[in-house]
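Presented below is the structure to which this report refers.
The values are calculated or read from the model by the stated rules, or taken from the named source; none is laboratory data. Owing to the predicted nature of the structure, the values given are computational and were not obtained by experimental measurement. Please note: Cβ atoms are built from the backbone with ideal geometry, for glycine as well, and neighbour counts cover all protein chains shown. When the accessible area is computed, the model is the full protein with side chains, heavy atoms only, and any ligands, DNA or RNA have been set aside. Shrake-Rupley method; radii C 1.70, N 1.55, O 1.52, S 1.80 Å.
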Amino acid sequence: MQIDIVVVFFLLGFIATFLKSDIDFPEGLYKGLVLFLLLAIGLKGGSALEQYFSASLIIQVVAVLAFGFILPLIAFPMLRYFGQLDRINAANIAAHYGSVSVATYAVAVAFLESKGVDYEAYFPLFVAILEAPAIAVGILLAKQRNSSVNLKGLLHESLLNQGVLLLFGGVLIGWLAGPQQMASIAPLFKDLFHGALGLFLLAMGQIAARQSKHLIEYGTFIATFGILMPLIGGLLGGLLAWSFGLSEGGTLLLATLGASCSYIAVPAAMSVALPQANQGVAITASLGVTFPFNVLVGIPLYYSLIHKLLFS
Amino acid sequence: MSFNRTQAFELFTSLLIVLIGSCFAIFGYSSWMLAIVGGALFVLSFSRALRSSKRRTDRRSNTGEAQHAN
């Protein structure tokens, strides 16, 4: 089994932190890399959007949006009934698992590119679309029956968070600029993408190792849920992509999006909308369990299943 | 030995993951890692469930002894 080069960066960060090494990754660089990756992914999708724009794409967008609403509704009852979590924390974690991880998506893209597998280039649009619905569903699930909902705040947190804004912004800029103008910024946003992703994953490995230490504190339920939910989301995402008739690469990307969970946009939005929720549990589940699982086990597994079951 | 529903969920899910991972691996898919992850989860969940069951039994026997002494 050949391991993808960007995943090795993740392992390096994880092992180094586990062995208590003193790699000091600057906070500013980490934040800068998040901005870079969001914009780079958005621009790449936007520049390819024109050639794919059709009625079937609009149908896919609506279905993907519905998918984003459904995922937290699957996670919530599991967290409430089996995890015996209170309503607010269950809704908070459900929102994390209904949303998507741009880094996991980027790892899946790097995986496909290393294998030379094509995919639909408009996928960043789906990434942006899937960021928002889960936040709204999570806030609605957390509200008690008789309590009112601040619709303005809810819309603001769902639609104007950093992830959604930069991804949509990137898609829009890429779409308006077109492939010719995009060539002028390609040396930064295209050529450096894999290197920047490797650096970002080094930091993610460190964060994941730190978060996984908290697993003992929160119990094995969070670990079990953090493995089960990506399998459910990945299966549903794969089936949705298959029903669209997407390519092998596109099917893997939608399965990966279904399997991934947010750790940037949703925690920021939910800490404002639900300040009483324990963000530590959700971050531990998403960063300490699901992200490493998807990067190390999930993506190669989803690809193997998709390749052999649907495309051979 | 009895399990609460969280423990039962953990044990059932981890066993299911082992089963799915092993079955797919036997049929040639790269899913051994999934089976290993499921196995690790099962060991963790089972040892925690065992410990909490033992604690419950100890507490019950201590309460019984205290009542008997009174």
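Some values worked out for this structure:
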read-out: Accessible area in square angstrom per residue, chain A, 1.4 angstrom probe; value: 42 Å²
read-out: Gyration tensor verdict on chain A (Cα atoms; rounded if a/c is under 1.5, prolate if a/b is larger than b/c, oblate otherwise); value: rounded
read-out: Loop-exposed trypsin sites (Lys or Arg not before Pro) per DSSP, neighbour cap 14 Cβ within 10 angstrom, longest uninterrupted part of chain A; value: A:21-144
read-out: Chain pair B, A: total accessible area buried, heavy atoms, 1.4 Å probe, Å²; value: 2000 Å²
read-out: In degrees, nearest ten, helix B:32-69 long axis to first principal axis of chain B (Cα); value: 10 degrees
read-out: Angle in degrees between helix B:5-26 and the longest Cα principal axis of chain B, rounded to the nearest 10; value: 20 degrees
read-out: Computed [θ] at 222 nm, deg cm²/dmol, the protein assembly as shown (DSSP H ≥ 4; -39,500 (n - 2.57); rounded to nearest 500); value: -25000 deg cm²/dmol
read-out: Subset of A:Lys190/A:Lys308; A:Lys115/A:Lys190; A:Lys115/A:Lys308; A:Lys115/A:Lys213 violating a 22 Å alpha-carbon distance limit; value: A:Lys190/A:Lys308; A:Lys115/A:Lys213
read-out: Anisotropy class of the stretch A:179-244 from Cα gyration tensor, a/c 1.5 cut; value: oblate
read-out: Net charge of Cβ neighbours under 13 Å - reference A:Ile88; Lys, Arg +1; Asp, Glu -1; value: +2
read-out: Cα-centre dipole for chain B with unit charges at Cβ (Lys and Arg positive, Asp and Glu negative), debye to 20; value: 260 debye
read-out: Candidate aspartates and glutamates for bridging to A:Lys143, where Cα separation is under 17 Å - those fewer than 8 sequence places away on the same chain excluded; value: A:Asp86, A:Glu157
read-out: Net charge of neighbours whose Cβ lies under 12 Å from the Cβ of A:Ala136, counting Lys and Arg as +1 and Asp and Glu as -1; value: -1
read-out: Net +/- balance of residues flanking B:Leu44 in space, Cβ distance below 12 Å, scoring K and R +1, D and E -1; value: +1
read-out: Distant-in-sequence amide H partners of A:Cys261 (H built 1.01 Å from N, under 5 Å); value: A:Ser101
